[in-house]
Structure formats: C-alpha cells, structure tokens
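Here is the structure we will look at.
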Amino acid sequence: MRFRKYAAAATLMATAPLAAAQQLSIATGGTGGTYYPYGGGLAELIGNHIEGYEAVAEVTGASVENMGLVWRGDSDLALALADTVYQAHNGTGDFEGRQLENIRALASIYPNAVQIVTLADSGIESLADLEGKTVSVGAPGSGTEVNAQALLEANGITYDDFDPRRLNFNETADAIRDGDIDAGFWSVGPPTSSIMNLATTRDIRLIGLTEEEIDKAREAEPVFAAYKLKAGLYEGMDEAVQSIGIPNVLAVSSEMDEELAYQITKVLFEYTDELIAIHPAANDTTVEFSAESTPVPFHPGALRYYEEVGAEIQDHQRP
C-alpha cells in the first residue's frame, strides 16, 4: 500500500507542468525587412540564454508604431530607427506634443541604409528624377517614411512633387516589378530579402545620393550618416552606391525590470554570432557601435552592462 502511495506521488510530480516561462513581445516590422528576422533571432537568444523567459517577434508597422507599443506596455521590446526613437523620447517631429518619456534604449544594433530602388530602364538616376513619378515612401508609421520624407524635404522635394504611395517592403518590390510604381524607398539593414527577390526577376538600379544631398540631409537630421552600399549587394549591382545610414535602436520602457534589461543586453552582445547566422546585419551589433550611436538614455540595466565592459558612455545616454 505504501509503495502505491509513493508511486502515485511520483507520477503526479512527473506530470506536473513546470512554471511557465514569462513571454516577452518584440515589436519588429514587416516580414520583408530586417527587423522581423533580427527580432526572431533575438527572441531565440532570450529563450535559449535567459532563464524563465521566452520571447516572440511580432509583425508591426515598424518604427513609429513600435514606440507607441512600448510606451503603452503592449510590447516589451521594440526595434526602431534612431531618429524615431529620438523624436519619441523628446516629443519632437512625429511626436510633437506627445512626448513618450519612458522610452529607453538597450542598444543600437546596426545601421539602416536608405535604399532607393527603381528598374534599370526607368530613366530615374537621381533624387530629382523622382519628381512627377509614382513612388513608394514606405508603410504608414514606418521609419522608412520618416527617413524618406526627411531626405526629400531637406533637398527641396515634397509629396506635392510626386505621387506618394505608402507600401510596405514586399508591396513596394511587387509594385516596382509589376510596373505599378516607378521607384521605392527602403530604410533597412542591407541586404534585404524583398530587394534581393526583386533583383532576381528584374534588372534594378539603386539611386545614389550626391555629397551635397547627403550634407543637406545630415543638417536636417543629425542622426543621418554617409553610408556606402557595397558593389554586389544585389544581383546586377556592379558598383558601390553612396547613400545615408541611420542606426537602429533596441528600445524598451523605463519600467522594465533592471535585471532583465541587464540580461538581455548581455546576451545580445555575448551571443552575437548566433544572430549573425540568422541575418548578416548583426555583424554591426557591437558595444562600440552602440555606445557611439545611441541617441537616447540607456535603461539602467543596460548601462550596468556597458560600464562592466568598459564602454565609453556619453552624457546624453545616462538616464
């Protein structure tokens, strides 16, 4: 009788569920960009290396939307362009009059490149040639649209000068391929799958920027930096193309638990090789790039990690 009682107790113990891991939500972007696969890779790192936590990458409208998701607590982490994060934190630009004071950074993870794509035979060879054309400026609420608008307006071009379409990356590639639009903007870590797929079915051209156009853009938006798209990045791209880049930030709420913020930051930089295996943009995920590029204060948990590894932290990066 005693044996049966112990056997029953052992069976109950064997079948009792383990304490459920706490699930974190990572706001990313569309499936045709870099945010989604990068976010999926980060979710894997969290699940594999932080005890008691799992994470899932969520498809969203990207940067601007993601700031609201973190601010409201609907997402725990979010990927967003540095200019959008800066505007949200400071209540400027798209966030004029609605400052999101709780936005903090864990890291700047890699630079985006503004990539302006058209068909090789479109006759569009410069920014000015977009006037009078039908052009995708990115999904509504995306960092791509924020960047496209800033670049164009800094160089004297407004939405009144062409027919703007607000399409996500995959929709933009399909519309260029089908001849429904003349050109499209991407602000994303290169290479990106939607442009790669387009380049396998059509001969494409990436439109370069002049030094003067870059200088005007940087004057208007200090987080911009000159960025060269390498030759061979996409099929048929024989020469390097000069453009601009913007850091991408991994953002969280100031209310995130300090130890969790520390653990995520530590895992991000100490298992980067696992992220690189998922997307080459993670080659730029370094402590040095993050400390140089992040435009808003770090979360105290992240700051603890940077100080442990001896990173040089700027005054504006301290909460």
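Values as computed for the structure displayed
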{"read-out": "Selected residue (criterion: modelled with the lowest pLDDT) from residues of segment 221-254 that are in contact with a strand residue (DSSP E or B) (Cβ under 9 Å, 6 or more places away or on another chain) and acidic (Asp, Glu)", "value": "Glu221"}
{"read-out": "Strands (runs of 3 or more DSSP E) completely within segment 159-253 that count 3 or more residues being open to solvent by less than 20 Å² (accessible area, probe 1.4 Å) and among the hydroxyl-bearing types (Ser, Thr, Tyr)", "value": "none"}
{"read-out": "Residue within segment 137-146 that is surrounded by fewer than 21 Cβ atoms within 10 Å (Cβ to Cβ) and either within 20 Å of the chain's Cα centre (by Cα) or not basic (Lys, Arg) (or both) present", "value": "yes"}
{"read-out": "Long-range neighbours under 7 Å by Cβ, at least six apart or interchain, first residue hydrophobic (A, V, I, L, M, F, W, C) within segment 49-60, second modelled with pLDDT of 95 or more and loosely packed, with under 15 Cβ neighbours inside 10 Å", "value": "Ala55/Gln23; Val56/Gln23"}
{"read-out": "Sole exception among (1) in a helix (DSSP H, G or I); (2) under 19 Å from Ser254 (Cβ atoms); (3) open to solvent by 60 Å² or more (accessible area, probe 1.4 Å) for Glu44, by number", "value": "(2)"}
{"read-out": "Tally of residues being of a type in the set (Lys, Arg) and crowded, with 24+ Cβ neighbours inside 10 Å across segment 55-109", "value": "1"}
{"read-out": "Failed item, numbered, when Lys228 is tested on (1) without any contact (Cβ under 8 Å) to a residue 24 or more places away in the chain; (2) under 24 Å from Gly39 (Cα atoms)", "value": "(2)"}
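The values are calculated or read from the model by the stated rules, or taken from the named source; none is laboratory data. Everything numeric in this text was worked out from a predicted model, so none of it was measured. Using ideal geometry, Cβ is built from the backbone for each residue, glycine included, and neighbour counts are taken over all protein chains shown. All accessible areas refer to the heavy atoms of the entire protein, side chains included, with ligands and DNA or RNA removed. Shrake-Rupley method; radii C 1.70, N 1.55, O 1.52, S 1.80 Å.
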